[in-house]
């Protein structure tokens, strides 16, 4: 039991010692590399002003940046995918590396010298008395004890300074080269948590909207139909009965239209069967305002991307008709090598609020697929809503 406890206590100490040694090695290596970088900058920066010397300067910059990325990843634990930080990064890094590395190296050398000298004096009895005068206190000690004590105090301070310098190096790399992989993962987890919550909220809002459509439309039509049929059933006047049955027939047709409309708003079958352009053409046909659809897609996007683009376009068209007073709406589908997009423009009064219920729900849907959602709607118009999504969305 005691052996296991001792090992458990030694493990963290060994880990911290390894970390300090690794950072110290990275800082000292950074001092040497910083001197090389300063020399390179003194030559390459002016040379880059000459067209003939630019290729050689660019190659040198690329190689030094590659060495820096290896040093940052291997010794300081900062992995980055950025290809180059430019001359600005090298200048800041070289200055910090040379000055900080020199301070750490000098402190380590002085601390080691004091420790070694103190131990030597104590071991060989060559210590000399040294008076130490402090306010209100007068102490006489030996040079060996003073050197040993000074070294023991100085070395931990140098260790802390080395760790601080390593942290500054990582911050500098993060500023110029972007966050490391751990920070990227942390940000990604935060983003996924936020988008997951947003999707849950969007689904709840969509359910409430469907419930309102069913309650205010379909349910009312059903109640009216039942009342007409009940009146017709109890009527003894054949003429009146025929009139009530005719009204019930008309009400049933309107009920079917309401059901089709609700089902279409939930998810149109044309989207699966015919594709995005055909589904948007159906939206245009149902709109009371002229809608022009320009389809520029070479192939159908994957299902979740296609669905998101459809709902963005449909909601934007609905908002333009209901709230913007638009007289003309344009929908443009486009794509490049990595993304597919839809842009909806209208000539309405503008002033669309991106934080509103409908648009914020669309934004959450797009962000959940690693897309970009923008709303440009100055007061007075026009309004342009754009959603851009990657062709290969994230898996889960």
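Remarks
- Residue satisfying all of: in region 274-293; touching a helix residue (DSSP H, G or I) at 6+ places or on another chain (Cβ under 9 Å) and within 23 Å of residue 392 (Cα to Cα); modelled with the lowest pLDDT among these: 274
- Test for residue 341: is it assigned to a strand (DSSP E or B), assigned by TED's automatic domain parsing to the domain that holds residue 276 and either touching a helix residue (DSSP H, G or I) at 6+ places or on another chain (Cβ under 8 Å) or buried (at least 16 other Cβ atoms within 10 Å of the Cβ) (or both): yes
Let's see how each residue does on (1) closer than 24 Å to residue 167 by Cβ; (2) loosely packed, with under 13 Cβ neighbours inside 10 Å; (3) at pLDDT below 85:
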| site | (1), (2), (3) |
| --- | --- |
| 39 | no, yes, no |
| 51 | no, yes, yes |
| 63 | no, yes, no |
| 71 | yes, no, no |
| 75 | yes, no, yes |
| 95 | yes, no, no |
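- Criterion applied to 352, 313, 387 was being part of a loop (DSSP other than H, G, I, E, B), buried (at least 19 other Cβ atoms within 10 Å of the Cβ) and within 28 Å of the chain's Cα centre (by Cα), and the one residue passing it is 352.
- Residue check for residue 110: surrounded by fewer than 19 Cβ atoms within 10 Å (Cβ to Cβ) and at pLDDT 70 or above: yes
- Residue ID - nearest to the chain's Cα centre (by Cα), chosen from residues in region 355-375 that are in a loop (DSSP other than H, G, I, E, B) and at pLDDT below 80: 368
- Flag: residue 157 matches the condition of being farther than 28 Å from residue 64 by Cβ, at pLDDT 85 or above and not assigned by TED's automatic domain parsing to the domain that holds residue 372.
- Candidate set from region 177-197 (those that are part of a helix (DSSP H, G or I) and surrounded by 18 or more Cβ atoms within 10 Å (Cβ to Cβ)); member that is modelled with the lowest pLDDT: 195
The values are calculated or read from the model by the stated rules, or taken from the named source; none is laboratory data. Remember, predicted model here, so these are calculated numbers, not experimental data. Ideal geometry is used to build each Cβ from the backbone, glycine not excepted, and the neighbour counts take in all protein chains shown.
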